[in-house]
Amino acid sequence: MDGLAPDQSAAASRVRSTFDACRAAFTAVSRRVLDIALPTLCVACREPVSGEGVCATCWAKLSFIAPPFCERLGIPFVYDPGPGILSMEAIADPPAYHRARAAVRYDDVARSLVHGLKYQDRTDLAPTLGGWMALAGKDVLDGADVIVPVPLHWRRGWSRRYNQSGALATVIGQLSRRQVNGTALRRVRSTQQQVGLSRTERARNVQGAFAVAAERKADIRDRRVVLIDDVLTSGATVDACARALLRAKAASVDVLVFARVVESARSLI
Ligand SMILES: [Zn+2]
């Protein structure tokens, strides 16, 4: 309080403490009003929920993927075959990427979460879904240098306004303290939606659709990459992306998705 007499200084501090008390009271009241006006809703069914995320009913319906699973593809096993045992798929048809991890099995609740994020501008879902992914992908993230989201073609990005994989990658990058690179990998030609296509058609549809831009190859060369997508169905999209990253001399490519399709027969080894 330079330049103020002692009594002026005391008055100023009384004013400030009164102001602080008023502000605290106002904040408390406005927070209570907001709680009444905007109750937290379940991210899947939109029913009011105490706390954040999904309600108890939706939570119980989600199938979180936990060990034992195939070390390579992340496909859950129905019983533990012991360390290092791979699924039949990993042996018969190994992908270009090294390992894949997923937070949940793709089912009705997972589908509603993905659709909300993808088509209904529910960007508020990204922290919850990204948080689950960071936990499920801890082993691949621990050894990663850079996180790369699967890119949208610019035309689709324009109509949908933002890239859902990019939103998830941002959250995962913050939680795992890893760099996110959303510009190196590009979709160089527009592709048909993968929905409704057979496994072979999906692979053909995305073949050569991705590339690392020539001027960004230094961002990928010798780096251990974790590729982020929302859903893994046949794996054709992430496989095409992994090939593009490996052509740009990435040291390795792992995949982390929110949900993966698990056919019941696949879970048997
Ligand atoms: Zn719910």
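For the stretch 52-69, the set of residues classified as away from the ligand (no atom under 12 Å from the Cβ) and more than 21 Å from the chain's Cα centre (by Cα) consists of P68 only. Restricting the first member to the stretch 90-116 and to residues that are touching a residue at least 40 places away in the same chain (Cβ under 8 Å), and the second to residues that are open to solvent by 70 Å² or more (accessible area, probe 1.4 Å), the beta-carbon pairs closer than 6 Å and six or more apart or on different chains are A96/R243; V104/F64; V109/K61. What number of residues within the stretch 110-149 satisfy the criterion of being within 16 Å of the ligand (Cβ to nearest atom) and open to solvent by 10 Å² or more (accessible area, probe 1.4 Å)? Residues that pass the stated criteria total 8. Could you please let me know if V104 is within 16 Å of the ligand (Cβ to nearest atom) and modelled with pLDDT of 95 or more? Yes: the conditions hold for V104.
For the stretch 187-203, a residue qualifies if it is open to solvent by 50 Å² or more (accessible area, probe 1.4 Å) and farther than 18 Å from R243 by Cβ, and the qualifying residues are S190, Q192, Q193, V195, G196, S198. When the stretch 74-84 is limited to residues that are open to solvent by 30 Å² or more (accessible area, probe 1.4 Å) and under 21 Å from L141 (Cα atoms), the one that is nearest to the ligand (Cβ to nearest atom) turns out to be P83. Any residue that is surrounded by fewer than 12 Cβ atoms within 10 Å (Cβ to Cβ), at pLDDT below 75, within 16 Å of the ligand (Cβ to nearest atom) and farther than 30 Å from D254 by Cβ - is there at least one of those in the stretch 21-38? Scanning the stretch 21-38 turns up no residue that is surrounded by fewer than 12 Cβ atoms within 10 Å (Cβ to Cβ), at pLDDT below 75, within 16 Å of the ligand (Cβ to nearest atom) and farther than 30 Å from D254 by Cβ. Among the criteria (1) out of contact with any Lys or Arg (no Cβ under 8 Å at 6 or more places or on another chain); (2) open to solvent by less than 10 Å² (accessible area, probe 1.4 Å), the one S87 does not fulfil is (1).
Considering the stretch 44-73, and only residues there that are among the basic types (K, R) and in contact with an Asp or Glu (Cβ under 9 Å, 6 or more places away or on another chain), the residue that is most open to solvent (accessible area, probe 1.4 Å) turns out to be K61.
The values are calculated or read from the model by the stated rules, or taken from the named source; none is laboratory data. A quick note: this is a predicted structure, and the numbers were derived from the prediction, not measured. Because the Cβ atoms are built from the backbone with ideal geometry, glycine has one as well, and the counts that use them run over all protein chains shown. Surface areas here come from the heavy atoms of the whole protein model, side chains and all, with no ligands, DNA or RNA. Shrake-Rupley method; radii C 1.70, N 1.55, O 1.52, S 1.80 Å.
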